[in-house]
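Participant: Sharing a structure with you now.
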Amino acid sequence: MTKPVFEPKQIIPLFDQFLGERNLRFSAVVIGGAALAILEIISRPTRDVDLLEDEIPPLVREAARTFAAAHGLSEEWLNTGPSELVQSLPPDW
């Protein structure tokens, strides 16, 4: 089954609002296709938002799953798949 696609510039602010309504905050570095779309380097939808983080806090991860269900997104739409890249970065990046 193909994962649904979305526009990161639309979904990320909606998710931020969704978190705020639940008194949650989350700040992370977005990389990959979602980052390129946010910066308007590319103009195509994506299937996920890759984060350069070791982990997503449990309450935020649960909120992301609830948000995904409400917006027809894959459960993995917000993920730390590329987190191993953090070890390649200088300590003070």
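Participant: Which of the residues spanning the range 1-39 are in contact with a helix residue (DSSP H, G or I) (Cβ under 8 Å, 6 or more places away or on another chain), assigned to a loop (DSSP other than H, G, I, E, B) and of a type outside the set (A, V, I, L, M)?
Facilitator: Listed by number, the residues that qualify are Glu7, Arg22, Arg25, Phe26.
Participant: Could you list, in sequence order, the residues of the range 20-58 that are under 17 Å from Glu75 (Cβ atoms) and either in contact with a Gly (Cβ under 7 Å, 6 or more places away or on another chain) or surrounded by fewer than 17 Cβ atoms within 10 Å (Cβ to Cβ) (or both)?
Facilitator: Thr46, Arg47, Asp50, Glu55, Pro57, Pro58
Participant: So how many residues does the range 43-75 have that are closer than 14 Å to Gly33 by Cβ and either of a type in the set (D, E, K, R) or assigned to a strand (DSSP E or B) (or both)?
Facilitator: Here the count works out to 7.
Participant: Something else now. May I ask you to list the residues in the range 1-35 that are closer than 22 Å to Ser88 by Cβ and either modelled with pLDDT of 95 or more or small (Gly, Ala, Ser) (or both)? Let's see the steps before the verdict.
Facilitator: From the range 1-35, those closer than 22 Å to Ser88 by Cβ are 27-35; that's our starting set.
Residues satisfying the conditions are Ser27, Ala28, Gly32, Gly33, Ala34, Ala35.
The values are calculated or read from the model by the stated rules, or taken from the named source; none is laboratory data. Note that this is a predicted model, so its numbers are computed, not measured. No Cβ is skipped: glycine too gets one built from the backbone with ideal geometry, and neighbour counts run over all protein chains shown.
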